[in-house]
Every structure is written in C-alpha cells, then in structure tokens.
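Q: The structure under discussion is supplied below as structure tokens; questions concerning it will follow.
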There are 2 protein chains.
Amino acid sequence: MESRNDTLPRITATVPEPTTGPLSFEELQLANRNRGLPLEALRYDITPTGLHYLLVHFDIPLVDAAAWRLRLGGKVKKEMSLSLEDLRSRPRCTLPVTFECAGNGRARLSPRPISQPWLNEAVSTAEWTGTPLANLLDEAGLAPGVVELVFTGADHGVEKEYEHDYARSLSVNEAMHPEVLLVYEMNGRPLEPQHGFPLRLIVPGWYGMTQVKWLSRIDAVSAAFDGYQQRVAYLYKRNADDPGEPVTRMRPRALLAPPGFPDYLTRRRILDRGRIAVHGRAWSGQGSISRVEFCVDDRSFDAALGKASGLFSWCAWGVEWDTTPGEHVLSCRATDSAGNVQPTDPPWNFQGMGNNLAQEVSVTVR
Amino acid sequence: MESRNDTLPRITATVPEPTTGPLSFEELQLANRNRGLPLEALRYDITPTGLHYLLVHFDIPLVDAAAWRLRLGGKVKKEMSLSLEDLRSRPRCTLPVTFECAGNGRARLSPRPISQPWLNEAVSTAEWTGTPLANLLDEAGLAPGVVELVFTGADHGVEKEYEHDYARSLSVNEAMHPEVLLVYEMNGRPLEPQHGFPLRLIVPGWYGMTQVKWLSRIDAVSAAFDGYQQRVAYLYKRNADDPGEPVTRMRPRALLAPPGFPDYLTRRRILDRGRIAVHGRAWSGQGSISRVEFCVDDRSFDAALGKASGLFSWCAWGVEWDTTPGEHVLSCRATDSAGNVQPTDPPWNFQGMGNNLAQEVSVTVR
C-alpha cells in the first residue's frame, strides 16, 4: 500500500501559497463544480439528496455496478471480494449523519489558502443505509500487527505532484466503531453517482474527506498509510514546512438559516420589523451540542435546542428575536459537551482546514 | 399584474458595471450557492437529479403542498384554483428536456458582467412529467384581447431596486405550444424543493429563466408584462441605456466531457498517448443539431452525431482522436438546423446573456 502514490514529473503549476489577493480562476472553476448547501435548506433535518453539499476532488467515476466488487485484502486471514448484492444481503443499518467538508470556511481566512473556496455552506445531513464495517473486518480476520485500514476509491487524478486514486486510512480502533458503515443507499434510494455509487464509507463524526466515495478496496496494513490525502492534504499545518496534525473529527459549528428575504447579488437579508423566529442547526464531531448562542450585533442570547434525530446528526436550535429597524449583523456560536466552543477569531492554518469561525449574516430591518 | 413590482427605496449598493477586475465576494457567494453540472456528467443522457444545474435567484421557498393551490386568473372566462391532486389527475405527459441558464458562459466575457459567474456548466437534461398547459388554458378560456400569460413563483426577493415574486411571461402563442408543461415530477419522482416543488413550468427550447419554479399563479393579461425578470433582467443589451432585446430560445452549444483525468486545482487534463474516444452533448433551442466540429488546437474534425432522446433534448456526439504527446487545447462547436453556428468570438452583451462561445479544455498528453 505504501507505494501506491506514484510520483509523476511535476505536471502542474507551482501550488500557490495562501494569498490576500483576489479570487483566482482556479477557485472559481472549483466553486462552480462543487456544491454548497443553500443556507435556507437548513430548514430540513434531512437534506434532500439533490441539495447535499458536494466536494469531488477529481472526476465522478463511472462504475459498472454489475462488474464492480469490493476487494478486502492486505494483511487479513481471508481475502474477500464482495458484489453489491453480497453487501446488501448483510445486516442492514440506517443512520442519519451530518458531515461537513474539512475545508468549510476556508475562503473566510486571510491570507486565504487556494483550494475550493467555501464560505459556510459545505455541510449537510442524510440518512445513510448500509452494513457495519466491523462485522466484515471480523469475518476477514485482521492479521497480527495490523494498525490501519486503507480505503481506496475509484476516483483518480493528480494533486500537487501526486497521481493517485483517492485513499484515506483509519486506525483499527476507529474503523471498528459500530457506527462505521459501508453504505449503498442515501435517503432511501441507491446512491446517486456523485455521492459514491455503488458504495461509500461513512464514518460518523468525522469531516467529509473520511467518507470515501466509490469505494473499491479496503486494505489492512501494518504501517501508517502515507498516501497524499492522508499525509499531505488533510493536515492542520502552520506553514509549508510544518509536518502538521491530522484533521479528524468535526469541530463544533452552528449555522443559522438567514431570515427574511434576500437581495439577489449581495445576499443581504431584508426583514420587516416585529418578532420573528430565527432557526438553524448545530453539530460537532467531538460531543453533543450543549449550547448555541444567537448574537445580534454585540448582544447574545441562548437559543432553545431541539433534540437531534440521531447521535451523529445536527440538532435544531431556535430563538425569537424582536427586530429593531436598521442594519444588523446576526451570528451564532455552538459549544459541545466536550467543552469546545466556536472561536471568534478564525483558527488560521496553512491549508484552510477546520475553520469554524462563527457565521455572520447582514440584515436590514425596515 | 403590471403593478406587481413595487419599487422599494434603493436598499442595495449600486449595481456594479461589467468589469475586467478580479472576481468579487458577491460572485463567490453566488457560485457556492448555485450549482453547475460537473462536466464528466455529460456522460449521462438524463442527468441524475442531484447533478442537475441549479440557479436560484432568491431563496428556495418552503411550500406546504396540502395547502398549495395553483391560481389561474386574470382575463379568463373561468378562474381556476387547482390542487396538486387536481393537476396529477389531468392528462399526463413525460418529456426529456435540456435547458441551460441564460447566463451560462458569463464569466468568460471581458469585461465580465457581475452576476452568477458561470463558465460552461449551467446545463442539464431531465425527464419532466406533468400536464400540458394548453388544455388548462382552453378550459379556463382566455378573454378577447389577452396577449400574454404571466407565470409567478413563490420565491421572493430584491434585485437591483425591485422587490418582487419571481415572474416571467410568454405570449399566448408560445404558451399554447403542446410541449409546454406544468410539471410535478422530475426523473420519475416528485420535484425536489430546489427544482420547484410542488409545480414548475417547462417551456422546451427556452433558456432556464422561463422554467418558472414554485409556480403559484398564472395570469392572463392584455398588455405586455413589465416585471423585473421580463423587462430588466433577461435582455440582450449593448450598454446600460440600451432598451435591449428579450432573451428567448437557446443558442446552439456543444460541450465535451473532458477526457483523461484531472489535476485537482487547475482541472488540466492528463491523457496517455494513443487513440481515445472523446464525447459530449450538443443542443439548440432554435433547431436540431446538424453538425458538431471537434477541434484539436487549430485542426477540426466532424464528430459523429447520436440521435437525441427527444425533440427537446441534447444529442450525443463523439470522435476518435489519435493523441500526440504534448500540450493541446480541445474545443467543439455546434451548428443547428436553422443555420446558427457557435461563434469563435464571444457575443458580448451588458448582462452576459447567451454567451455560447466554444468551450476550451487544456490537456497534457504524456
């Protein structure tokens, strides 16, 4: 496994450093391809399939489901090759799971790391149906000395100088959690191509890079996986030379559904005066949500929290707000049961990961 | 109807002029909200629902389908109020229809009009199911002197200084075409919220602004509708003062599915040497596709054309290409049966409408 990432002659331009300059053409191309959640869709506990956010590194691969097999190999006692039908006939489990792109908030950093330029919108919740990974690993039998499982997708491309199939690893301990699923359905229907058809990994609580789509192989390995997506891409780094810390579980975040109605171009919101209900969702991969503060300018109120529909899905929150005419900035801020609080200063890092800076929404009350 | 667009005190910043400057924050917000077709999805004759392009001017409205009614009024002999069930029990028709945002290609213009900054990707095809509009209009009976039908959605917002519900009109003649449908299903399932649930208008051959989503009213009127989306937004204008010409049916365009595999950031394609198949789709709202030229650098080849799955859906095209090592630019260009050809110079206009300049894809053959 460790030699999977073949090094190509450097065929891309020099990877740009974080910048305070304007948006680049490359960022625009990515923003038009990838898809955020329109924030009014925070009204849905389960995001409609076609509204789920989407980040695809390379191309959506075309997979022939009849010929497709999941290969489970590497250091296992029994190698396995499973058809979609084999997987569907195994124990079945449905979980609502919220996940978020690790790069969510990147374009709100300054200097701004150059990649998909998310503002706040790279999060969604779906009901995922599949079979627990742990049973399958038990059946295959991990050999002594196995430390990680490597999950490889069918999507192929180049990132920086590395040509590779998208691949990520998990420790054996993390992979054996009962909520880790190999899923073939989303919201009660077979996966659509862009969400990983025919099979994807779901690791509740973790950022989106872990939810490997178009899964083709699982390999048990006896040394830490050094693939590009594991050792280069998804790291919290202070600068180019920092070896960095891995990005893992989601930091807490609350978002509010912008109230009133928008101006098309600026997305500024227009509200009538009077009492209005403001609502949103909050989540964390490090605990349950224990508090959401709703802020109007520099005043803050505790929001009422709803019950999440599952251990790994966002919870609703809401407040009543007596609007006053004029210009206001609305914001919200989550705290989780592990004591993590959303920061008021953006947590800058070299690759723009995990920026859970509080959202701000400009409104005009008339 | 003519007084529906109330003029507000100007609550937005001055609308920016077309610019040669860098991308603005407002354009980024729109690009993250709206959704293009990832171009590899040109492989699908019918776009999977969750991959269909999306342009939403305001917010996706929340519609209670049980309480919802379509009101058909204005200058008709019999006003009507129809539930979703009423509409579903009327004659049913399914059509594959390709449509495209009128602003597709806007961000490739220079100077660049400031709005949703599409490059090439704002087009898709779906199978739409609904009931013909003409039957309904016959049943209601248009009064003498009616010249247009006005279609109003439930989406509400401000654009420039105009607060309005999204609304567009069609001449009686256009509205009576047998292929014009009131649709409640997309790809065999009820519309998802972002595609107009519970009902939208489909006018095959026309750009996307005509396919009014979240339809709430149809009004027969005896004077040309002067709503914002009709008289201000969707016009071909040479400059700010030009009264302009209305945007109507789609200009011809061909797109190719970028071959090989991509570099994540630049989207440059990498290909191995040898013979490869290149394919794409082409469409026009002004006739059938009669020719697609595939261009490699400055050489051009005629592509083989497939049969479109319907009168109003795109047709597949394909060529075999013997690649040669090095850097190349691929392009393609459609001609329709009315003799319209994609231009090699972008058809600039003040609002960035209908830019069907040929797509260019940079590739490295290794």
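Q: Please specify each residue of region A:233-258 satisfying the condition of being at the interface with chain B (Cβ under 10 Å from one of its Cβ atoms) and either assigned to a loop (DSSP other than H, G, I, E, B) or without any contact (Cβ under 8 Å) to a residue 24 or more places away in the chain (or both). So that I can check it myself, show each step before the final result.
A: Residues of region A:233-258 that are at the interface with chain B (Cβ under 10 Å from one of its Cβ atoms), as a first pass: A:233, A:257-258.
A:Ala257, A:Pro258, listed by residue number.
Q: On the given criteria, is B:Thr364 under 20 Å from B:Leu271 (Cβ atoms) and either modelled with pLDDT of 95 or more or assigned by TED's automatic domain parsing to the domain that holds B:Ala233 (or both)? Give the steps one after another, and end with the answer.
A: Working: under 20 Å from B:Leu271 (Cβ atoms): yes; either modelled with pLDDT of 95 or more or assigned by TED's automatic domain parsing to the domain that holds B:Ala233 (or both): yes.
For B:Thr364, the condition - under 20 Å from B:Leu271 (Cβ atoms) and either modelled with pLDDT of 95 or more or assigned by TED's automatic domain parsing to the domain that holds B:Ala233 (or both) - is met.
Q: Any chance you could count how many residues in region A:334-366 are buried (at least 17 other Cβ atoms within 10 Å of the Cβ) and within 14 Å of chain B (Cβ to nearest Cβ)?
A: Number of matching residues: 7.
Q: Which ones in region B:179-202 are farther than 16 Å from B:Ser313 by Cβ and in a loop (DSSP other than H, G, I, E, B)?
A: Of everything in region B:179-202, those that are farther than 16 Å from B:Ser313 by Cβ and in a loop (DSSP other than H, G, I, E, B) turn out to be B:Leu191, B:Glu192, B:Gly196, B:Phe197, B:Pro198, B:Leu199.
Q: Just give me the residues in region A:327-353 being acidic (Asp, Glu) and at pLDDT 95 or above, in sequence order.
A: Just the residues of region A:327-353 that are acidic (Asp, Glu), to begin with: A:327, A:336, A:345.
A:Glu327, A:Asp336, listed by residue number.
Q: Next up: Six or more apart or on different chains, Cβ atoms under 9 Å: show the pairs whose first residue is in region B:217-231 and at positive phi and assigned to a loop (DSSP other than H, G, I, E, B) and whose second is modelled with pLDDT of 95 or more and among the small types (Gly, Ala, Ser).
A: Final answer for the pair search is none.
Q: Can you list the strands (runs of 3 or more DSSP E) found entirely within region B:53-133 that contain at least 2 residues being within 13 Å of the chain's Cα centre (by Cα) and of a type in the set (Lys, Arg)? Break it down stepwise before answering.
A: On the way: elements: B:70-74, B:80-82, B:93-100, B:123-132.
Correct list: empty, since no element meets the threshold.
Q: Here's another thing I want to ask about it. When you scan region B:66-89, do you find a residue that is in contact with a Cys (Cβ under 8 Å, 6 or more places away or on another chain), surrounded by fewer than 21 Cβ atoms within 10 Å (Cβ to Cβ) and either modelled with pLDDT of 95 or more or farther than 30 Å from B:Pro22 by Cα (or both), even just one?
A: Step one: filter region B:66-89 for residues in contact with a Cys (Cβ under 8 Å, 6 or more places away or on another chain), giving none.
There is no residue in region B:66-89 that is in contact with a Cys (Cβ under 8 Å, 6 or more places away or on another chain), surrounded by fewer than 21 Cβ atoms within 10 Å (Cβ to Cβ) and either modelled with pLDDT of 95 or more or farther than 30 Å from B:Pro22 by Cα (or both).
Q: Right, another one. Quick one: B:Arg189 ticks every box in (1) of a type in the set (Lys, Arg); (2) within 30 Å of A:Gln351 (Cα to Cα); (3) in the same structural domain as B:Tyr162 (by TED's automatic domain parsing) bar one, so which box is it?
A: With (1) of a type in the set (Lys, Arg); (2) within 30 Å of A:Gln351 (Cα to Cα); (3) in the same structural domain as B:Tyr162 (by TED's automatic domain parsing) applied to B:Arg189, the lone miss is (2).
Q: Right, here's the next one. Being buried (at least 17 other Cβ atoms within 10 Å of the Cβ) and of a type in the set (D, E, K, R) is the filter here, so list the residues in region A:238-253 that pass it.
A: Hits for region A:238-253 are A:Arg249, A:Arg251, A:Arg253.
Q: Return yes or no: is A:Arg71 under 22 Å from A:Gly157 (Cα atoms) and away from every other protein chain (no Cβ under 14 Å)?
A: Working: under 22 Å from A:Gly157 (Cα atoms): yes; away from every other protein chain (no Cβ under 14 Å): yes.
It is true that A:Arg71 is under 22 Å from A:Gly157 (Cα atoms) and away from every other protein chain (no Cβ under 14 Å).
Q: So which residues in region A:201-232 are under 17 Å from the mean Cα position of the chain (by Cα) and within 14 Å of chain B (Cβ to nearest Cβ)?
A: Result: A:Met209, A:Lys213, A:Trp214, A:Gln229.
The values are calculated or read from the model by the stated rules, or taken from the named source; none is laboratory data. Just so we're clear, the structure is a prediction, and the values are computed from it rather than from any experiment. Ideal geometry is used to build each Cβ from the backbone, glycine not excepted, and the neighbour counts take in all protein chains shown.
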